[in-house]
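Have a look at the structure below, then the notes.
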Amino acid sequence: MTYALTFLIAVVIAVLITPISMKLAVRLGAIAYPGGRHVHSQPIPRMGGLAIYAAFWLAIIVTKTWDKAIWGLFIGSTVIFLVGIWDDMYEMRALTKLVWQVLAASILLFFGFSMENISLPYIGDIGFGTFGLLFAVFWVVGLVNTVNISDGLDGLAAGICFLAALVLFWSANRINQAPAAHLTLALAGAALGFLFFNFNPARVFMGDSGSMFLGYIIGGISIMGLLKTATVLGLVFPLLVLGMPLTDLTFAIIRRKIKGHSIAAADRGHLHHRLLDAGLSQRKAVLLLYGMSACFGLAAVLGAIGYWLSALALIVGDFALLMTILMRRTAIFNSLSRRHSK
């Protein structure tokens, strides 16, 4: 099975199943209504995760690249997907959802997923023992919530995960890990196929069933890469590729703690909200955040092939722009918005 075929199968299945997921969401009452921190102006079905889940796993079944680790990924991601479906329909409490996320991540431990040993450049192997198991669970839960928090504008989370999957494919292919390469391309194809319906103006949202599933798969694949190579690059790649939403998540936690709010409390302080408040349209804001994510991904690739200075320059530039937005220094965006509106 060629890599291109894996990608194409996932795209086609996502395109075919997304309209079905929209009709099912309406029937089951999984609807996102306008108001509050939401930026859409009309009710939109939010069970698009069904199409992403189906496209990903059907593509993997066709590739026949199935082993013990993939069984663990399948079972755990199915649990997190079903939790997301329930949340899309009935809006689960944050603490209850977190407990299920931890349980779903823990399933991977029974299938050999762990971070017990990591090899650092110039230092050598570092053993974490039992703490490596706990770190693996923390890692997956962290990436689940990182992707979840980025799902705030039409096409944003799907586009970021598409870019992340492509960079992870490059990494897997570089070290000749065919199963991981097929997984990443299936994920990229599922995200791209869904984007045809989710990009602004969106006709469907992925919901928690989609965002948590995407984060879970990215977390699991990155641990698989770590197991195969035993190098820290298995962790650096997803951290850099998801650098933008990770920074947003970190600032959200700090912001809410300073204000005395629960870290699970929703607000309008995220990157995408600040860009909209600065006058950018949804499309312009999403494209800007795509560009920032692509720069983080490119930095990961450049670092892996030895161009550290170029990688560092990209990372510093990206973080400078992130800080500009997060600190609400957005006068430049106001002027750009007025210029384009004339």
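What number of residues within region 164-203 are outside any helix (DSSP H, G or I) and either free of Cβ contacts under 8 Å to residues at least 40 places away in the same chain or crowded, with 24+ Cβ neighbours inside 10 Å (or both)?
Summing the residues that are outside any helix (DSSP H, G or I) and either free of Cβ contacts under 8 Å to residues at least 40 places away in the same chain or crowded, with 24+ Cβ neighbours inside 10 Å (or both) in region 164-203 gives 1.
If I filter region 289-330 down to residues being among the hydroxyl-bearing types (Ser, Thr, Tyr) and within 30 Å of residue 154 (Cβ to Cβ), which single residue comes out as farthest from the chain's Cα centre (by Cα)?
To start, the set of residues in region 289-330 that are among the hydroxyl-bearing types (Ser, Thr, Tyr) comprises 290, 293, 307, 310, 324, 330.
Next, only the ones that are within 30 Å of residue 154 (Cβ to Cβ) stay: 290, 293, 324, 330.
Working: 290: 12, 293: 11, 324: 23, 330: 26 Å.
So, considering only residues that are among the hydroxyl-bearing types (Ser, Thr, Tyr) and within 30 Å of residue 154 (Cβ to Cβ), the one farthest from the chain's Cα centre (by Cα) is 330.
Of (1) surrounded by fewer than 24 Cβ atoms within 10 Å (Cβ to Cβ); (2) touching a helix residue (DSSP H, G or I) at 6+ places or on another chain (Cβ under 7 Å); (3) of a type outside the set (Asp, Glu); (4) over 19 Å from residue 101 (Cβ atoms), residue 149 satisfies all except one. Which?
(4)
Being free of Cβ contacts under 8 Å to residues at least 40 places away in the same chain and over 15 Å from residue 107 (Cα atoms) is the filter; apply it to region 74-91 and report the residue that is surrounded by the most Cβ atoms within 10 Å (Cβ to Cβ).
So, considering only residues that are free of Cβ contacts under 8 Å to residues at least 40 places away in the same chain and over 15 Å from residue 107 (Cα atoms), the one surrounded by the most Cβ atoms within 10 Å (Cβ to Cβ) is 86.
So which pairs qualify, if the first residue must be in region 1-20 and under 15 Å from residue 65 (Cβ atoms), the second must be in a helix (DSSP H, G or I) and hydroxyl-bearing (Ser, Thr, Tyr), the Cβ gap must be under 6 Å, and the two must be at least 6 apart or on different chains?
Taking only residues 6 or more apart or on different chains, the pairs are 1/63; 6/63.
Can you confirm whether residue 283 is modelled with pLDDT of 85 or more, farther than 22 Å from residue 132 by Cα and among the charged types (D, E, K, R)?
So residue 283 fits the description; yes.
The values are calculated or read from the model by the stated rules, or taken from the named source; none is laboratory data. Computed from a predicted model, the values in this text were never measured in an experiment. Quick reminder, even Gly has a Cβ in these numbers, built from the backbone with ideal geometry, and neighbours come from all protein chains shown.
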